[in-house]
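The values are calculated or read from the model by the stated rules, or taken from the named source; none is laboratory data. Please read these numbers as outputs of a predicted model, since none were measured by experiment. Here the Cβ is made from the backbone with ideal geometry for all residues, glycine too, and neighbour counts use every protein chain on show. Each accessible area value is taken on the protein alone, full model and side chains, heavy atoms only, with ligands, DNA and RNA left out. Shrake-Rupley method; radii C 1.70, N 1.55, O 1.52, S 1.80 Å.
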Amino acid sequence: MTPASEGRWALIVHGGAKAIEPGEEEANRRGVLQALAAGRAVLEGGGAAVDAVEAAIRVMEDLPVFNAGRGSALNEAGGVEMCAGLMDGRDLSVGAVGAIRNVRHPIAVAKRLLGEKEILLVGEGATLFAKENGAEMVAGEALVTEARKAALEAMHDTVGAVAMDRGGNLAAGTSTGGLAGAKVGRIGDSPLPGNGLYADNHVGGVSFSGDGETIARLALAARVMAGMAEQGPEAAIRDAVERLPGTGGAGADGGAIAIDRTGRIGWAHNSPAFAVAYANEGGGEPRACLGKDEEARD
Ligand code: GLY
């Protein structure tokens with residue numbers, strides 16, 4: 001865990017709890033660093049945590065190496081339906097979309113929903129809201145990559161970011177193409193507060209990736225929030241992630257990133273890899289790792 005001082009920003013992003021194929025290591029590393037740079041620019045300019053999270057996730061939604069936006073997993077009908085969520089720790093507002101189609105940046109649609117009464121729109125309603133609110137619409141094929149057509153195994157990784165701005169405000173976000181081969185209309189943990197994400201200025205913020213059904217059944221983001229003050233963000237995530245196989249079976253894996261209200265950054269995973277990049281003000285060069293083992297080796 002990396003401590004940060006009061007009044008200084010902190011940012012962590014992830015590119016999904018997953019196995020990273022040989023040859024894709026550098027694309028994952030570059031991708032999370034690029035996302036971190038986008039979020040960092042917002043925070044260094046005095047911007048809000050919620051804007052930094054959106055900026056970071058938008059970058060990863062455009063990179064085909066990640067299962068979000070372009071490069072999303074294909075469902076059982078061969079189509080792309082995406083989920084994204086954004087939570088603002090200042091007032092506990094949530095904007096989230098589920099099974100949304102034809103948008104380039106689901107996280108931007110989630111952000112637009114932050115000011116509305118509704119916290120979650122799904123399917124046709126979500127796509128309609130996106131159109132009516134000026135979201136960038138794309139043909140479904142624009143989100144499909146050849147690599148995803150060839151990869152119909154049950155992958156379920158997600159991208160995410162958690163930020164603290166100079167005002168001490170926290171935000172957390174997620175974006176995902178969901179589970180490959182899943183039923184049409186399936187929604188996992190990512191857009192659900194208390195499951196795939198949560199942020200509260202009094203506690204911290206957290207963003208999950210992994211086996212969405214199991215993360216949701218265990219309400220893992222809520223568990224991390226409950227443990228964060230006492231245990232610190234990293235130990236709270238470790239405890240949460242260790243629960244996955246006990247409920248979802250031996251293959252249930254995941255990972256999460258978090259920042260607590262004092263600016264401490266933590267992350268942990270039980271997936272084979274978890275591409276993460278993080279930085280905080282005054283903390284030197286940004287770090288990027290493809291897993292905890294790598295962080296421990298450096
Ligand atoms: N964790 C993302 C999903 O299962 O949809």
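For Ser271, the criteria (1) surrounded by fewer than 24 Cβ atoms within 10 Å (Cβ to Cβ); (2) within 16 Å of the ligand (Cβ to nearest atom); (3) in contact (Cβ under 8 Å) with a residue 60 or more places away in the chain; (4) over 26 Å from Glu294 (Cα atoms) hold in every case but one, which is (4). Entry remark, region 156-168: residues being of a type in the set (D, E, K, R) and within 12 Å of the ligand (Cβ to nearest atom) number 1 in total.
Please find, among Glu136, Glu146, Glu153, Glu141, the residue that is more than 9 Å from the ligand (Cβ to nearest atom), under 16 Å from Ala84 (Cβ atoms), at pLDDT below 95 and open to solvent by 10 Å² or more (accessible area, probe 1.4 Å). Let's see the steps before the verdict.
Details: Glu146 fails: under 16 Å from Ala84 (Cβ atoms); Glu153 fails: under 16 Å from Ala84 (Cβ atoms); Glu141 fails: under 16 Å from Ala84 (Cβ atoms).
Unique residue meeting the criteria: Glu136.
Filtered by the rule that a residue be within 9 Å of the ligand (Cβ to nearest atom), open to solvent by 40 Å² or more (accessible area, probe 1.4 Å) and β-branched (Val, Ile, Thr), region 169-204 gives a lone residue, Ile187.
Here is a list: Ala226, Ala250. Which entry is without any contact (Cβ under 8 Å) to a residue 24 or more places away in the chain, more than 13 Å from the ligand (Cβ to nearest atom) and in a loop (DSSP other than H, G, I, E, B)? Unique residue meeting the criteria: Ala250.
For region 198-223, how many residues meet the condition of being under 15 Å from the mean Cα position of the chain (by Cα), over 20 Å from Ala273 (Cα atoms) and not small (Gly, Ala, Ser)? Adding up the residues that qualify gives 1.
Looking at the structure I just gave you, is Ala73 open to solvent by less than 20 Å² (accessible area, probe 1.4 Å), over 20 Å from Arg40 (Cα atoms) and modelled with pLDDT under 95?
Working: open to solvent by less than 20 Å² (accessible area, probe 1.4 Å): yes; over 20 Å from Arg40 (Cα atoms): yes; modelled with pLDDT under 95: yes.
When the stated conditions are applied, Ala73 passes them.
For region 229-241, the count of residues that are touching a helix residue (DSSP H, G or I) at 6+ places or on another chain (Cβ under 7 Å), under 17 Å from Gly85 (Cα atoms), modelled with pLDDT of 95 or more and within 16 Å of the ligand (Cβ to nearest atom) is zero.
Every condition in (1) modelled with pLDDT under 95; (2) part of a loop (DSSP other than H, G, I, E, B); (3) more than 16 Å from the ligand (Cβ to nearest atom) is met by Ala296 except one, and the failing one is (2). Quick one: would you say Glu81 is surrounded by fewer than 24 Cβ atoms within 10 Å (Cβ to Cβ) and at pLDDT 95 or above? When the stated conditions are applied, Glu81 does not pass them.
Going by the conditions given, is Ser209 under 13 Å from Val162 (Cα atoms), at pLDDT 95 or above and either touching a His at 6+ places or on another chain (Cβ under 7 Å) or hydroxyl-bearing (Ser, Thr, Tyr) (or both)?
On the way: under 13 Å from Val162 (Cα atoms): yes; at pLDDT 95 or above: yes; either touching a His at 6+ places or on another chain (Cβ under 7 Å) or hydroxyl-bearing (Ser, Thr, Tyr) (or both): yes.
Against the criterion (under 13 Å from Val162 (Cα atoms), at pLDDT 95 or above and either touching a His at 6+ places or on another chain (Cβ under 7 Å) or hydroxyl-bearing (Ser, Thr, Tyr) (or both)), Ser209 qualifies.
If the condition is being out of contact with any strand residue (DSSP E or B) (no Cβ under 6 Å at 6 or more places or on another chain), among the hydrophobic types (A, V, I, L, M, F, W, C) and modelled with pLDDT of 95 or more, then region 158-198 contributes Val184, Leu192. Of all the residues in region 112-125, those that are outside any loop (DSSP other than H, G, I, E, B), touching a residue at least 24 places away in the same chain (Cβ under 8 Å) and open to solvent by 60 Å² or more (accessible area, probe 1.4 Å) number 2. When each of Ile107, Ile100 is tested for being free of Cβ contacts under 8 Å to residues at least 40 places away in the same chain, closer than 30 Å to Glu21 by Cβ and touching a strand residue (DSSP E or B) at 6+ places or on another chain (Cβ under 7 Å), the lone residue that passes is Ile100.
In region 241-248, the condition of being surrounded by 24 or more Cβ atoms within 10 Å (Cβ to Cβ) and over 24 Å from Gly282 (Cβ atoms) is met by at least one residue. The test for being within 20 Å of Glu25 (Cα to Cα) and out of contact with any Asp or Glu (no Cβ under 7 Å at 6 or more places or on another chain) does not hold for Glu281.
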